[in-house]
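J.: A single structure is presented below for examination.
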Amino acid sequence: MNTPAHMALGLALLGRRASRAEWVAIAAGALLPDVILFLRFGLDGWRNEATLRLLTDVFNSAPVYAGILVAGVLARRRWLVLLAASALLHVAFDLPLHAGDARAHFWPFTYWRYASPVSFWDHDHHGRIVGLLEGVLFAVCLGVIWRNARAWWARALCLVFAAVYAVTFVHFVGHAFFDRHWALW
């Protein structure tokens, strides 16, 4: 799924009774598995593919986030539990939705990658259908967040999410339906 959809899903499922700081933790947890993808754009001169692949595996590792979740429970740090739970939710939804770009979700125990027959973006792997379903899921999650939002900043965040997701959805439509790269990046 696109990163904003992961963030919306995390906030919809985990953010109902969360404080502002906990919302940040949930959003950060949903972002963490994709952070290396964003850093790659900023590290244009640094092209050590083996290091980037390892970092991608570490940031997409269910055992790493499970360990963080356990540490959060033991330390009684709700924000850390929510961060790890949000990251685990991201990984759980990525596992069945990555075909040729699969991650090693069980690192450090194995480098095995599940190459799913389904992709959220690749039209050769049902990406047209799955990407549209992701758009519906995002809209539903945004509705849940909006309904549960009591503060003006939470509703403002919904509008920002909608705008950011609109950009990623245009990018998806370009790839999935027209084999074109419709993006600012």
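The values are calculated or read from the model by the stated rules, or taken from the named source; none is laboratory data. All values reported here derive from a predicted model rather than from experimental measurement. Don't worry about glycine lacking a Cβ; one is built from the backbone with ideal geometry, like all the others, and counts go over all protein chains shown.
J.: Within the group L88, L133, which residue is among the aliphatic types (A, V, I, L, M) and either under 21 Å from D57 (Cβ atoms) or in contact with a Gly (Cβ under 8 Å, 6 or more places away or on another chain) (or both)?
T.: On the way: L133 fails: either under 21 Å from D57 (Cβ atoms) or in contact with a Gly (Cβ under 8 Å, 6 or more places away or on another chain) (or both).
Sole residue among the options that is among the aliphatic types (A, V, I, L, M) and either under 21 Å from D57 (Cβ atoms) or in contact with a Gly (Cβ under 8 Å, 6 or more places away or on another chain) (or both): L88.
So that you can scan it fast, the table gives a plain yes or no per residue for (1) of a type outside the set (D, E); (2) within 18 Å of A27 (Cα to Cα):
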| residue | (1), (2) |
| --- | --- |
| A66 | yes, yes |
| V70 | yes, no |
| A84 | yes, yes |
| L89 | yes, yes |
| D94 | no, yes |
| H98 | yes, no |
| R103 | yes, no |
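J.: Select from segment 122-160 the residues that are touching a residue at least 60 places away in the same chain (Cβ under 8 Å), hydrophobic (A, V, I, L, M, F, W, C) and either surrounded by 14 or more Cβ atoms within 10 Å (Cβ to Cβ) or not in a helix (DSSP H, G or I) (or both) and list them in ascending order.
T.: L137, F138, C141, L142, V144, I145, A151, A154, L157
J.: Sticking with this one: Of everything in segment 81-97, what is more than 27 Å from S19 (Cα to Cα) and over 12 Å from the mean Cα position of the chain (by Cα)? Give them in sequence order.
T.: Result: P96, single match.
J.: What are the residues in segment 60-117 that are farther than 17 Å from N2 by Cα, touching a Phe, Trp or Tyr at 6+ places or on another chain (Cβ under 6 Å) and modelled with pLDDT under 95, if any?
T.: Scanning segment 60-117 gives a single hit, A104.
J.: Going by what's in this entry, would G29 be described as in a helix (DSSP H, G or I), touching a residue at least 24 places away in the same chain (Cβ under 8 Å) and either small (G, A, S) or more than 22 Å from H105 (Cα to Cα) (or both)?
T.: Working: in a helix (DSSP H, G or I): yes; touching a residue at least 24 places away in the same chain (Cβ under 8 Å): yes; either small (G, A, S) or more than 22 Å from H105 (Cα to Cα) (or both): yes.
So G29 passes the test.
J.: What pairs come up if the first residue lies in segment 161-174 and is under 18 Å from L31 (Cβ atoms) and at pLDDT 85 or above, the second is among the aliphatic types (A, V, I, L, M) and surrounded by fewer than 15 Cβ atoms within 10 Å (Cβ to Cβ), and their beta carbons are under 8 Å apart, counting only those six or more places apart or on different chains?
T.: Pairs found: V167/A183; V167/L184.
J.: A further question follows. Please determine whether any residue of segment 43-56 is modelled with pLDDT of 90 or more, in a loop (DSSP other than H, G, I, E, B) and over 19 Å from the mean Cα position of the chain (by Cα).
T.: Scanning segment 43-56, I find no residue that is modelled with pLDDT of 90 or more, in a loop (DSSP other than H, G, I, E, B) and over 19 Å from the mean Cα position of the chain (by Cα), so the answer is no.
J.: Tell me yes or no: at least one residue of segment 74-96 is closer than 25 Å to F178 by Cα, part of a helix (DSSP H, G or I) and in contact (Cβ under 8 Å) with a residue 12 or more places away in the chain.
T.: yes
J.: Given the conditions (1) of a type in the set (F, W, Y); (2) closer than 13 Å to N2 by Cβ; (3) more than 17 Å from the chain's Cα centre (by Cα), and given that F120 satisfies all but one, which numbered condition is not satisfied?
T.: (3)
J.: Separate question: With the condition kept exactly as written, say whether any residue in segment 128-142 is more than 16 Å from the chain's Cα centre (by Cα) and of a type outside the set (A, V, I, L, M, F, W, C).
T.: Taking every residue of segment 128-142 in turn, at least one turns out to be more than 16 Å from the chain's Cα centre (by Cα) and of a type outside the set (A, V, I, L, M, F, W, C).
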